[in-house]
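Down below is the structure, laid out as structure tokens.
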Amino acid sequence: MSAMTAVWGPFSDYEFMRRALAGCVCLSVGASPLGVILLLRRMSLVGDAMAHAILPGAALGYFFFGLSLPAMTAGGLLAGLLVAALAGMVSRLTTLREDASFATFYLISLALGVLLVSLRGSNVDLLHVLFGSVLALDDPTLLLGASIATVSVFALALIYRPLAVECFDPGFLRGMGRQGVLAHAVFMLLLVLNLVGGFHSLGTLMAVAFLILPAAAARFWVRSLGAQMALAVLCGLAGSGAGLWLSFRLGIAASSAITLCLGVLYAVSLTVGPDGGLWARRPPRPQRNMSVTAGESR
């Protein structure tokens, strides 16, 4: 058996593996560039909080309609937008910072979502909601993921310039008035959309992996914002493909395997990345004085 057959065999032989790979491609293209913005704006924990903020809405959709894609998607989207609006309002009307406000809503949302799912279904349903079913993606779920990725690419292109400037000047969007508020609102909407799409594939606990890990890995290789986004997408594709292959060969959970492979890419980048990695920042070797060396040689 050739190396190409060994690598591509699971995807060429089994439709469910191709569907899973297509879903991961959508997440990589749509979510990973947003993660670069989150990291540069020091909002990485906000992404994690938003991933859990959608859970109560999705759980409500499940509570009333079961595992219905439209109901759970609409519920998760509304819940995520509501939490984003409430967190922003709290940070503006009180002395609590936005990241701390998101953290409080994240804890409440997670507990409420788990409670609603446990009231309606079994432990299997709860595991499905929390960890997803990337190996069981159907046509509507893939269409949703592809639509979200397409919208994200075009919308991010429209607001790219103000977001790029704001990454290096935190007060820029506030100084733009309504345009700045609109750009921030569109960005938060894209964030919620991609987390909802990731929720159906990887579950709420691991959907944030495509946001943070590829972007964090790309940060250690290039400095340009556009290059970081492109490299983050490639890291997402490589990590998800490797994770799916390992899950098939070893018989392990696909969501966990994908997340761990993305984590390995981050660990490698952290270690040997030329732009701020541990190896690049190692202290230089002390050099002996040339005159002393010459004297010793005599």
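The values are calculated or read from the model by the stated rules, or taken from the named source; none is laboratory data. Please read all numbers here as calculations on a predicted model, not as lab measurements. Note: ideal-geometry Cβ built from the backbone for every residue, glycine included; neighbour counts use all protein chains shown. Accessible surface is based on the protein model in full, side chains and every heavy atom, while ligands, DNA and RNA are left aside. Shrake-Rupley method; radii C 1.70, N 1.55, O 1.52, S 1.80 Å.
Quick look at the numbers
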| read-out | value |
| --- | --- |
| Exposure ranking of M4, M43 by accessible area [1.4 Å probe, largest first] | M4, M43 |
| Note, ³J(HN,Hα) from phi for segment 223-229, Karplus 6.51, -1.76, 1.60, rounded to Hz, x at Gly and Pro | 9, 4, 4, x, 5, 4, 4 |
| Sequence of M17, M229 when ordered by accessible area, the most exposed leading, probe 1.4 angstrom | M229, M17 |
| Contact order relative to length of the chain, as percent, for alpha carbon pairs under 8 angstrom and 6 or more apart | 25 |
| V90 accessible area, assembled protein chains, probe 1.4 Å, Å² | 40 |
| List E15, E166, ordered by accessible area with a 1.4 Å probe, largest first | E15, E166 |
| Phi to ³J(HN,Hα) by Karplus 6.51 cos²θ - 1.76 cosθ + 1.60 over segment 252-266, Hz, x for Gly, Pro | 10, 4, 5, 4, 5, 4, 4, 4, 5, 5, 4, x, 5, 4, 5 |
| Residue-averaged [θ]222 nm for the chain, counting only DSSP H segments that reach four residues, each worth -39500 (n - 2.57) | -26000 deg cm²/dmol |
| Solvent-free Debye scattering, log10 I(q)/I(0), computed from the Cα coordinates of the chain at q = 0.10, 0.14 Å⁻¹ | -0.57, -1.03 |
| Highest average packing first - 191-197, 151-157, Cβ atoms within 10 Å | 191-197, 151-157 |
| Accessible area in square angstrom per residue, the chain, 1.4 angstrom probe | 51 |
| Among 259-265, 272-278, 102-108, the order from most to least packed when residues are scored by Cβ within 10 Å on average | 259-265, 102-108, 272-278 |
| Tilt relative to the chain, helix 55-65 - C-alpha long axis, 0 to 90 degrees, to 10 | 30 |
| Probe 1.4 Å - accessible area at H184, Å² to nearest ten | 40 |
| Shape of segment 1-107, Cα gyration tensor, a/c cut at 1.5 | oblate |
| Whole-percent carbon and sulfur share, accessible surface of the chain, 1.4 Å | 69 |
| Mean Cβ neighbour count within 10 Å, used as a protection proxy, ranking 69-82, 244-257, 46-59 highest first | 46-59, 69-82, 244-257 |
| Phi to ³J(HN,Hα) by Karplus 6.51 cos²θ - 1.76 cosθ + 1.60 over segment 45-53, Hz, x for Gly, Pro | 5, 5, x, 5, 5, 5, 4, 8, 5 |
| Kirkwood hydrodynamic radius (C-alpha pairs) into Stokes-Einstein, segment 204-287, 4 °C and 1.567 mPa s, D in µm²/s | 96 |
